[in-house]
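Peer 1: Dropping the structure in here first, questions after.
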Amino acid sequence: MHAQRIDDDSVLVGGRRGLGHLTLNRPRAINALDLGMIRALHLTLDRWEHDTDVDVVLLDGAGERGFCAGGDVRALHDMVRDGRVDDVHAFFREEYALDHRIATFRKPVIAIADGVCMGGGIGLAGHAAIRIVTETSRLAMPETRIGFTPDVGGSWLLARAPGRIGEYLALTGGTMDAADALYAGFADHMVPSAHLEALYEALENRADPSSPTELVLLFDETPEPSRLETARVWIDDAFAADDVDGIIARLREREEPEARETADLLDSSAPTALAVTLEAVRRARGLPSLRAALAQEYGLVLWFASTQPDLVEGIRAQVVDKDRSPSWSPVRRADLPPERVAEAFAYEPEPALW
């Protein structure tokens, strides 16, 4: 196999000696995912699934800044604003199918989540068989910051994080380093970026019966203790409260400065996004599979896109105009209608995801 390019070069396809290599290639956008890239990845995985020349798939991103900054939210903003409902459905349906495909692929998928890996990037890397972070990794599900809710199977990962770390990360959009990602269950191994080239060579030249995991372990290093682990005392106490108001009240009662800073952040966040996201993570704990979590997320995402002004407003404030001063609807948690969360979970998207 020699490197070949698909369509507009946004995904590079290569590899040799049994290793299929996929590289997200929009470095100037930190490899933000658009529908063309999603389709290119699908097509290649289709081809490789039954190709006896490929037995391991490596997924990484081009450029120095990171693996993938997420979905192309500027494009999403325009689709929603312009009422292009079919395009919104197609983007999420095909993205989630790809995330599930990676999770269930017959051959091991190794994802290198170095640098920035957020939102849609977690959808690709977070469900791979072998998930590698480096000392430069910065992982997050920051959707509440744009008045939205964690998706791409993020709620499934968040729901399985230790203690109440899932609620904390989901509501704050907080960033994890390598140690945090390993602790929270978003990654499996930490490999220093200086060793990545040697790891790639080892995967290409591996001698049977070395499994990919055994090879990765040769380069694995234990990071410093996770700051999330040390913050568990106040995180578990506050984020076990019944609702967002209760969480903020408990944060305000804590002595830790980080707890009070977290309360300030939540006070300025979109009331709808926080309430729906808290419920989504808690419901995901009771779901049987990633597939079920993606279906729940799909309904919520289309509910936000079809009925809530916060999504377009949040993307406008953070990405389009960059004024960082969104006007949420409602602005105050006290004005959030009591039935709003139930309404979100009752929404039935047409067509359904699966």
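The values are calculated or read from the model by the stated rules, or taken from the named source; none is laboratory data. From a predicted model like this one, the values you see are computed outputs, not experimental measurements. Note: ideal-geometry Cβ built from the backbone for every residue, glycine included; neighbour counts use all protein chains shown. These area figures cover heavy atoms from the full protein model, side chains too; ligands, DNA and RNA do not enter into them. Shrake-Rupley method; radii C 1.70, N 1.55, O 1.52, S 1.80 Å.
Peer 1: At 0.36 nm per residue, and after removing the present C-alpha to C-alpha distance, how many nm does the segment from Arg39 to Ser268 gain when stretched out fully? The partial results should precede the final answer.
Peer 2: On the way: separation 229, 0.36 × 229 = 82.44 nm, distance 3.69 nm.
Gain on extension, Arg39 to Ser268, equals 78.8 nm.
Peer 1: With the cut-off at 1.5 for a/c, could you classify the stretch 299-343 from its C-alpha gyration tensor as rounded, prolate or oblate?
Peer 2: Note, shape of the stretch 299-343 comes out oblate.
Peer 1: Over all alpha-carbon pairs of the stretch 92-132, lay out the pair-distance distribution in 5 Å bins, whole %, shortest bin first.
Peer 2: Pairs per bin, as whole percents: 6, 28, 32, 22, 10, 1.
Peer 1: Same structure, new question: Only Lys, Arg, Asp and Glu count, each charged at its Cβ (+1, +1, -1, -1), so figure out the dipole size of the stretch 219-326 about its Cα centre, rounded to 20 debye.
Peer 2: The dipole of the stretch 219-326 has a size of about 460 debye.
Peer 1: Could you tell me the calculated FRET efficiency between Val319 and Arg101, based on Cβ-Cβ distance and R0 = 25 angstrom, to the nearest 0.05?
Peer 2: Efficiency, rounded to the nearest 0.05: 0.35.
Peer 1: Name the long-range amide H neighbours of Val11: under 5 Å, sequence gap of 5 or more, or other chain; modelled H, no Pro or chain starts.
Peer 2: The answer is Ile6, Asn25.
Peer 1: Collect residues whose amide H, placed 1.01 Å from N in the peptide plane, falls under 5 Å from the amide H of Gly71; neighbours closer than 5 in sequence don't count.
Peer 2: Leu33, Gly120, Gly121
Peer 1: Show the residues, 5+ positions off or on another chain, whose built amide H is closer than 5 Å to the amide H of Gly66.
Peer 2: Those qualifying (amide H under 5 Å, at least 5 residues apart or on another chain) are Val116.
Peer 1: Any idea which of Ala263, Gly286, Gln318 is furthest toward the positive side of the dipole for the stretch 254-354, if Lys and Arg beta-carbons carry +1 and Asp and Glu beta-carbons -1?
Peer 2: The one lying farthest along the dipole's positive direction is Gly286.
Peer 1: Also, I was wondering about something else. Please give the net charge around Phe105, taking every other residue with its beta carbon less than 13 angstrom from that of Phe105, where Lys and Arg add +1 and Asp and Glu add -1.
Peer 2: Taking every other residue near Phe105 into account, the sum is -1.
Peer 1: About its Cα centre, what dipole magnitude does the stretch 1-115 give when the only charges are +1 on Lys and Arg Cβ and -1 on Asp and Glu Cβ, stated in debye to the nearest 20?
Peer 2: My answer is approximately 200 debye.
Peer 1: Students often check this: by mean Cβ neighbours within 10 Å, which of 196-202, 89-95 ranks highest, and how do the rest follow?
Peer 2: Sorting 196-202, 89-95 by mean packing, highest first, produces 89-95, 196-202.
Peer 1: Please give the charge dipole size of the chain, origin at the Cα centre, charges +1 on K and R Cβ atoms and -1 on D and E Cβ atoms. Round to the nearest 20 debye.
Peer 2: 220 debye
Peer 1: Kindly provide the trypsin sites (Lys or Arg not before Pro) of the stretch 288-332 that DSSP labels as loop, not H, G, I, E or B, and whose Cβ sees at most 12 other Cβ atoms within 10 Å.
Peer 2: Lys322, Arg324, Arg332
Peer 1: Would the stretch 173-279 count as rounded, prolate or oblate if I go by the C-alpha gyration tensor, calling it rounded below 1.5 in a/c and otherwise prolate when a/b exceeds b/c, oblate otherwise? Present the calculation step by step, with values, prior to reporting the outcome.
Peer 2: Values: a/c = 3.50, a/b = 2.78, b/c = 1.26.
It is prolate, given that a/c is not under 1.5 and a/b is the larger ratio.
Peer 1: Follow-up question, since we're still on this one. Using packing as a proxy for protection, rank 66-76, 252-262, 101-111, 118-128 so that the peptide with the highest average count of other Cβ atoms within 10 Å comes first.
Peer 2: Descending mean neighbour count gives 118-128, 66-76, 101-111, 252-262.
Peer 1: Also, quick follow-up: Show that you can apply the helix-only estimate: for the chain, add -39,500 (n - 2.57) for every DSSP H stretch of four or more residues, divide by all residues, and state [θ] at 222 nm to the nearest 500.
Peer 2: -13500 deg cm²/dmol
Peer 1: Next question. How high is the relative contact order of the chain, in percent, with contacts defined as C-alpha pairs under 8 Å that are six or more residues apart?
Peer 2: Values: 670 pairs, mean separation 53.2, N = 354.
Dividing the mean separation by the residue count of the chain yields 15 percent.
Peer 1: Another question about this same structure. Rounded, prolate or oblate: which fits the stretch 239-354, taking a ≥ b ≥ c as square roots of the Cα gyration tensor eigenvalues, rounded meaning a/c under 1.5, else prolate when a/b beats b/c?
Peer 2: Values: a/c = 1.96, a/b = 1.27, b/c = 1.54.
In terms of gyration-tensor shape, oblate.
Peer 1: Let me ask you something else. Quick one: work out the % antiparallel among DSSP beta bridges in the chain, nearest 5.
Peer 2: Restricted to the chain, the bridges split so that about 35 percent are antiparallel.
Peer 1: Over the stretch 1-152, with every protein chain in place, what whole percent of the accessible area is carbon and sulfur at 1.4 Å, could you tell me?
Peer 2: Of the solvent-accessible surface of the stretch 1-152, carbon and sulfur hold 47 percent.
Peer 1: I need the phi-derived Karplus couplings for the stretch 311-324: 6.51 cos²θ - 1.76 cosθ + 1.60, θ = phi - 60°, integer Hz, Gly and Pro marked x.
Peer 2: For the stretch 311-324, the Karplus curve yields 4, 5, 5, x, 5, 4, 5, 8, 10, 7, 7, 6, 7, 6 Hz.
Peer 1: While we're here: Need one number: nm distance between label points at Ala249 and Glu201, each 7 Å from Cα along Cα→Cβ, rounded to one decimal.
Peer 2: Roughly 6.1 nm, to one decimal.
Peer 1: Which Cα, out of Tyr183, Leu199, Ala170, lies furthest along the positive dipole direction of the stretch 142-274 (beta carbon charges, K/R +1, D/E -1)?
Peer 2: The one lying farthest along the dipole's positive direction is Ala170.
Peer 1: With an 8 Å Cα cut-off and a minimum separation of 6 or more residues, compute the relative contact order for the stretch 251-330 in percent.
Peer 2: Working: 44 pairs, mean separation 20.0, N = 80.
After rounding, I find 25 percent.
Peer 1: In addition: Dividing the alpha-carbon radius of gyration of the chain by 2.2 N^0.38 Å (N being the number of residues), what value is obtained?
Peer 2: Its radius of gyration relative to the 2.2 N^0.38 Å reference: 0.98.
Peer 1: Related question: Work out which helices of the chain, taken as complete DSSP H runs, extend at least 27 Å along their axis over the Cα atoms and score a mean Kyte-Doolittle of -1.0 or more, then list them.
Peer 2: Correct list, ordered by number: 85-104.
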